[in-house]
1. What are the residues in segment 81-101 that are of a type outside the set (A, V, I, L, M), in contact (Cβ under 8 Å) with a residue 24 or more places away in the chain and over 28 Å from ARG65 (Cα atoms), if any?
2. Free of Cβ contacts under 8 Å to residues at least 12 places away in the same chain and either within 16 Å of GLY53 (Cβ to Cβ) or part of a loop (DSSP other than H, G, I, E, B) (or both): which single residue out of THR139, THR125 fits that description?
3. Filter segment 92-122 for residues that are assigned to a loop (DSSP other than H, G, I, E, B) and of a type outside the set (Gly, Ala, Ser); which is farthest from ALA54 (Cα to Cα)?
4. So in segment 58-80, with the set limited to residues that are surrounded by 14 or more Cβ atoms within 10 Å (Cβ to Cβ) and among the charged types (D, E, K, R), which one is nearest to the chain's Cα centre (by Cα)?
5. Which number in (1) surrounded by 13 or more Cβ atoms within 10 Å (Cβ to Cβ); (2) among the aliphatic types (A, V, I, L, M); (3) free of Cβ contacts under 8 Å to residues at least 12 places away in the same chain marks the one condition that MET1 misses?
6. Could you say whether any residue in segment 100-108 is at pLDDT 95 or above, surrounded by 14 or more Cβ atoms within 10 Å (Cβ to Cβ) and polar (S, T, N, Q)?
Amino acid sequence: MKSNRSVPRATVIPELVYPDVRRAVAFLTEVFGFAERLQIGEDHRSQLTLGDGALLVADVFGDRRAPRVGDPVSQSVMVRVDDARAHCERARSHGATILAEPTDYPYGERQYTAADPFGHRWTFTESIADVDPADWGGTLLAP
């Protein structure tokens, strides 16, 4: 894959629409720990990174619409973190709405779910064990 400094290196890059890009960037960096990589215009778009992942924050424009709090959930972004409990407490202390507390799952992950003030859902996951998918009902199709 050819490199381009104008686009994050991640293979999959979610693009989330927010009614106020600068407020969204401030929240996502302060509360969830993202880093702003590139700002495009005053309030048009921003590229954020976290580890080897990336996220585009886009403004409302044309047919792009931000979710509204209370709308049915059609997507959630999952983010790997080193310590889900500590991450959850940081998010809570900065005003994030915690929808599900950190919980250990049989597939070897500890996860919690939060909502940002703009209606997007986030699941943060920490690997706590290397579990064979067959142990919990999964079927591994590719390594």
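The values are calculated or read from the model by the stated rules, or taken from the named source; none is laboratory data. Everything quoted here is computed from the prediction, not taken from an experiment. As a convention, Cβ positions derive from the backbone with ideal geometry for all residues, glycine included, and neighbour counts pool all protein chains shown.
1. Within segment 81-101, ASP82, ASP83, ARG85, HIS87, ARG90 meet the criteria.
2. On inspection, the qualifying residue turns out to be THR139.
3. PRO106
4. Residue satisfying both the conditions and the ranking: ARG80.
5. The one condition MET1 does not meet is (1).
6. no
Conditions (1) within 30 Å of GLY138 (Cα to Cα); (2) of a type in the set (D, E, K, R); (3) out of contact with any helix residue (DSSP H, G or I) (no Cβ under 7 Å at 6 or more places or on another chain), marked per residue:
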residue: ARG22; (1), (2), (3): no, yes, yes
residue: ASP63; (1), (2), (3): no, yes, yes
residue: SER93; (1), (2), (3): no, no, yes
residue: TYR105; (1), (2), (3): yes, no, yes
